[in-house]
Amino acid sequence: MLMVSAILGLATPAFADVKDGVDAWGRGDYKAAVAEWRGPASAGDADAQFNMAQAYKLGRGVPKDLAKAEQYYKRAADQGHLQANDNYGLILFQNQRRKDALPYLQASANRGEPRAQYVLGTGHFNGDFVEKDWIKAYALMTRASAAGLPQATSNMAQMDKYIPLDQRRQAIQLAGQMEENEKRVRTAQVGGLRPVQSTGAIQTAQLPASKTVVPTPAAAPKPQPVAPVAKPAPAPAVKAAPVKKPAPPVTAAAPTAKPAATPVRTTAMGNWRVQLGAFGDQNKAKALWNSLEKRVSGLNNLQPYLVAAGNITRLQAGPFSTRAQANKMCSTVKASGNDCIVKSR
């Protein structure tokens, strides 16, 4: 089924055609669905345009034609159709039209779309098609990871090896600001022209998993950038390249400053963490960290992690190279009156 958004003030017969098309699609009568949508799409109905794009992308009811799908996505996106905006930006990026993709990706990321945040976060880390800004990169990847995108969580683990701890802390604060801004943007959009009806959707495909990069002291060759795809299953999977392996990790004095020439010491590596709590509200996890960091000796030298598990956010800290080190920290935390358990990554 396709998700259909009601356009306020749309003439009733046109909306009926779009709805009839959705019903036909749900029955598997794709040709009838396309026949219902073609007229409204030509007349400028953004929902019908989005649905036609999906049909052409999947090759259902019409011959598969990615060029026509892209045209319909653009027409709908430029009218403010949010799903079309998401898909169109990712398609442009996949087709190496990054300059054209950027405004659509930024609009999606500002609304909290995790795939767009993942792409932009990788771009800011590598300095590929946007300015290199490790704080913004880590903040965007944090938001995408919190939304449950596994590739973002994987890329954060790679970033931990290179981004200094103080910049990661700044990034976590920025991620909190981004979250609040996303809520304001979504409220403004849902309260405006295009409120979304929950009538089901052909989902856009999840990004493929990122490959792990093993850092080496030598300068790395430049791999291909991430190549996410807009999702209608069963579209073929497209490999998303991982965060690029940079030259020896360096620190940046400010988000847009050029990195220093000499390597710096990264945080300790290890497979052990301590878990300090689990919350339904991510802000409560952040508040607990701010409180514990001030009163528990040793925590201020660790990296905090906000680990999303469904609707739960787990607050963890680390890393520790051995379980014994993690147990020792847990003992200190428990002495302060807070629960603590040891976790293996």
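Values in this text are rule-based calculations from the coordinates and carry no lab data. It should be emphasised that the depicted structure is a prediction, and the values quoted were computed from it without experimental measurement. Glycine gets a Cβ as well: all are built from the backbone with ideal geometry, and neighbour counts include every protein chain shown.
Computing FRET efficiency as 1/(1 + (r/R0)^6) for LYS31 and LEU66, where r is the C-beta to C-beta distance and R0 is 22 Å, gives about 0.70.
Exposure proxy ranking for MET52, MET159, based on other Cβ atoms within 10 angstrom of each Cβ and starting from the fewest, stands as MET159, MET52. In this simple spin-label approximation, LYS19 and ALA309 carry label points 7 Å from Cα along the Cα→Cβ vector, and these lie 4.3 nm apart. Summing charges over all other residues whose Cβ lies under 10 Å from the Cβ of GLN303, with Lys and Arg as +1 and Asp and Glu as -1, gives +2. Listed here are the pairs LYS68/LYS136; LYS31/LYS68; LYS136/LYS334; which of them are more than 27 Å apart at the Cα? Over 27 Å apart, Cα to Cα: LYS68/LYS136; LYS136/LYS334. Based on the alpha-carbon gyration tensor of segment 38-109 and its eigenvalue square roots a ≥ b ≥ c, which shape applies: rounded if a/c is under 1.5, prolate if not and a/b is larger than b/c, or oblate? Cα axes put segment 38-109 in the oblate bin. When you count the other C-beta atoms within 10 angstrom of each residue and take the mean per peptide, 137-148, 99-110 line up highest first as 137-148, 99-110. A simple spin-label model places pseudo-atoms 7 Å from Cα toward Cβ; at ALA278 and ASN327 they are separated by 2.3 nm.
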